[in-house]
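Structure, as structure tokens:
Readers should treat all values here as calculations from the given coordinates under stated rules, not as data from a laboratory. Note that the structure is a prediction, hence the values are computed from the model and not measured. Methodologically, a virtual Cβ is constructed for each residue, glycine included, from the backbone with ideal geometry; neighbour enumeration extends over all protein chains shown.
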Amino acid sequence: MKLAVLHDFLETIGGGERVALTLAKHLGADLITTDFDPAILRRLDMAGVNVISLGPLVRRPPFKQVDASWKFARARLDDYDFHFLVGNWAHYAAKRHHPNVYYCLTPTRAFFDQRQAMLSRFSWTGRLVARAWIGVQSRLERQSIRHCDDVIAISETVRARIRRFYGRDAKVIHPPVATRRFRFKELGDFWLAVSRLYPEKRIELQLEVFRRLPAERLVLVGGHAPGDMAERYVARLKPPPNVTLLGEIPDERLADLYARCRGFLTTAVDEDFGITPVEAMAAGKCVLATDEGGYRETVVDGKTGFLLPPDPDRFAAKIRELDDSTLRAMKNDCAARASEFDESDFIKKMRALSG
């Protein structure tokens, strides 16, 4: 069978990009996307993946997202026997491309569960325009999902959103984590966070935690797509001296940071699933996460990490009480838990969907 994996954009590194590339690599599928940065293939050791670009997009949101949805809706990919759709815009190709399965990272959160939070970032005139756009696009999104032959959720958290906002049920297949890439090397002198730099990731919460811990260090890895509204958010962040922002880095260096950090922080709002805490556990490291969303499906509270309210004082207090012996004692449980989400299970289940 000739397989296609369709994914929104391929210009920055995040969980969705890793899912699409892993699927294409292991199933021998073509990856069809927009705004393709070839450097990503080198950074993620995915040089063998055949990527076909539908072309560049308008840079400024929301025109970028509208442009992506139109490119997928107008695409004519007649040479494929099966289509995997990944992301928030690639599903617009579903109407003309069957059989297909939609691997749903989440219903577009700005349209649904985070609608009010998104609107609050605009002036009152901007809110009027944004509200009208959301009204139109959310209806179009629901209509598009009706053309998907099957819908797969990445977590029980996302499955509940699919049922609520799309009116469809979904099976759950957790996203892939290449656990073999990670190892425990030492308990270093820094904590690690890996995240896109967007408001819903609560980066400011992480900074506040370490303002309260001047004797501790945080290394924050991650970036954002060029030209989007995250640039304003990042510009407003004022990291304290004990926080280092590295941006996007090669996978080899990231694996080394996992191997040498003391532990891992992750603080997103109702996270869809969260690949990075599983990567940290694969490296035998304790995870401190907000007590919500997909983190509840991966982190075993008190055994592989701790689930905490989104309060900088609570995070800071937990870091103060975690000594070396406690962190080392969690190493084996962390690695065992991470192995339950290894990419081999994902590949087997996704391959079965295509027949």
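Over the chain, calculate the relative contact order: mean separation of alpha carbon pairs under 8 Å at least 6 apart, over the residue count, as a percent.
With pairs under 8 Å counted, the relative contact order is 15 percent.
Taking springs between alpha-carbon atoms closer than 10 angstrom, which of SER195, SER138, SER325 fluctuates most in the Gaussian network model of the chain?
Of the options given, SER325 has the highest mean-square fluctuation.
Could you calculate the FRET efficiency of GLU204 with ASP324 from 1/(1 + (r/R0)^6), where r is the beta carbon distance between them and R0 is 25 Å, rounded to 0.05?
Using R0 = 25 Å, I get an efficiency of 0.30.
For the residue pair PHE63 and ALA317, what label-to-label distance in nm results when each label sits 7 Å from Cα along the Cα-to-beta-carbon direction?
With each label point 7 Å from Cα toward Cβ, the separation is 5.0 nm.
Calculate for the chain the 222 nm mean residue ellipticity that helices alone would give, adding -39,500 (n - 2.57) per DSSP H run of length 4 or more and normalising by residue count, nearest 500 deg cm²/dmol.
On the way: 15 runs with 137 residues, N = 355.
-11000 deg cm²/dmol, from helical runs alone.
GNM, the chain, Cα, under 10 Å: largest mean-square fluctuation among ILE203, ILE52, ILE32?
ILE52
Who wins for biggest fluctuation among GLU17, GLU252, GLU343 in a Gaussian network model of the chain, springs between alpha carbons below 10 Å?
For the chain, modelled as a Gaussian network with Cα springs under 10 Å, the answer is GLU252.
How many nm is it between the label spots at LEU77 and GLU252, if each spot is 7 Å from the Cα in line with the beta carbon?
Here the answer is 3.2 nm between the modelled labels.
Would you please state which residues of the stretch 250-280 a label at ARG121 would reach in this model, taking the label point 7 Å out along Cα→Cβ and a backbone N cut-off of under 13 Å?
269
Could you run the Debye sum over the Cα atoms of the stretch 179-339, one equal point scatterer each and no solvent, and tell me log10 of I(q)/I(0) at q = 0.09, 0.13, 0.18, 0.20 Å⁻¹, two decimals?
The calculated log intensity ratios at q = 0.09, 0.13, 0.18, 0.20 Å⁻¹ are -0.25, -0.54, -1.09, -1.38.
Please report the projected area of the stretch 3-173's Cα convex hull averaged over all directions, in nm². Walk me through the numbers before you get to the answer.
Details: hull surface 38.7 nm².
About 9.7 nm², averaged over all directions.
Tally Lys/Arg at +1 and Asp/Glu at -1 over every other residue whose Cβ is under 9 Å from the Cβ of LEU119; what's the total?
Combined, the nearby Lys, Arg, Asp and Glu give +4.
Points 7 angstrom from Cα along the Cβ direction at GLU186 and ILE52: gap in nanometres?
Taking the simple label geometry, GLU186 and ILE52 are separated by 4.9 nm.
Using θ = phi - 60° and the Karplus form 6.51 cos²θ - 1.76 cosθ + 1.60, what ³J(HN,Hα) does each residue of the stretch 328-334 get, whole Hz, x for Gly and Pro?
Using θ = phi - 60°, the values come out as 5, 5, 8, 4, 5, 5, 4 Hz.
With θ set to phi - 60° and the Karplus curve 6.51 cos²θ - 1.76 cosθ + 1.60, what are the ³J(HN,Hα) couplings of the stretch 88-103 in order, to the nearest whole Hz, using x for Gly and Pro?
Per-residue couplings from phi come out as 9, 10, 5, 5, 5, 7, 4, 4, 9, 10, 10, x, 8, 9, 9, 8 Hz.
To make sure I understand, if each residue's beta carbon is the centre and we count other beta carbons within 10 Å, what order do CYS261, CYS334 fall in, fewest to most?
CYS261, CYS334
What percent of all Cα-Cα pairs in the chain falls in each 20 Å bin, counting up from 0?
Per 20 Å bin, starting at 0, the Cα pair percentages come out as 30, 59, 11.
How far, in degrees from 0 to 90, does helix 63-74 lean away from the longest principal axis of the Cα atoms of the chain, to the nearest 10?
On a 0 to 90 degree scale, this one is about 50.
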